[in-house]
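Report on the following structure.
The values are calculated or read from the model by the stated rules, or taken from the named source; none is laboratory data. Just so we're clear, the structure is a prediction, and the values are computed from it rather than from any experiment. Reconstructed Cβ throughout: ideal geometry from the backbone, glycine too, with neighbour counts over all protein chains shown.
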Amino acid sequence: MPKVMPGGSSAGGRGRRGRVHSVSSTLAEINVVPLVDVMLVLLIIFMVAAPMMQQGYNVNLPTSRRAPALPAEEPIYVTVPVSYARTKTVQLGNESVRLAFLQERVRQLMQNRTKKQIYLRSDGQVTVQQMMEVFESLKNGGVENVGMVTRPPG
């Protein structure tokens, strides 16, 4: 947009109106091209530097001859048999546990584990409602993830 500047007249200051405004051809807009160039350079610098900042420190951990190695955590399986509707009993690993005691027994098993995960197997004739009873008891016992075990087709 043209800039209007006060001053001079067309007749050397002796016109009928006295002062006449002249129009300047300079633009009062900000040039964004250099700003975009600088921002793109900064973006490239940060994109190159970001993977280098995620590197950790090389540390030589001490070893101990007396401490036993931690065993890999074996998965825990809970099996809901067809007889669950009558007996309200599930298989926790190799032991039979009644539903009333399942929550406390699972809490004891999950106490020293880092992955609080259990795999749930059930017979095809067990209803969804019965599965939800067992699922709720597992969640109340401190299980964070419940995996459903299925058989592949064929």
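Of all positions in segment 110-133, at least one carries a residue that is in contact with a helix residue (DSSP H, G or I) (Cβ under 7 Å, 6 or more places away or on another chain), charged (D, E, K, R) and assigned to a helix (DSSP H, G or I). Inspection of segment 12-35 identifies at least one residue that is modelled with pLDDT of 90 or more, part of a helix (DSSP H, G or I), among the hydrophobic types (A, V, I, L, M, F, W, C) and surrounded by 10 or more Cβ atoms within 10 Å (Cβ to Cβ).
Can you name every residue in segment 120-142 that is among the hydroxyl-bearing types (Ser, Thr, Tyr), at pLDDT below 90 and surrounded by 18 or more Cβ atoms within 10 Å (Cβ to Cβ)?
Answer for segment 120-142, where residues must be among the hydroxyl-bearing types (Ser, Thr, Tyr), at pLDDT below 90 and surrounded by 18 or more Cβ atoms within 10 Å (Cβ to Cβ): just Ser122.
The combined condition, being under 30 Å from Leu138 (Cα atoms), assigned to a helix (DSSP H, G or I) and modelled with pLDDT of 85 or more, is fulfilled by Ala85.
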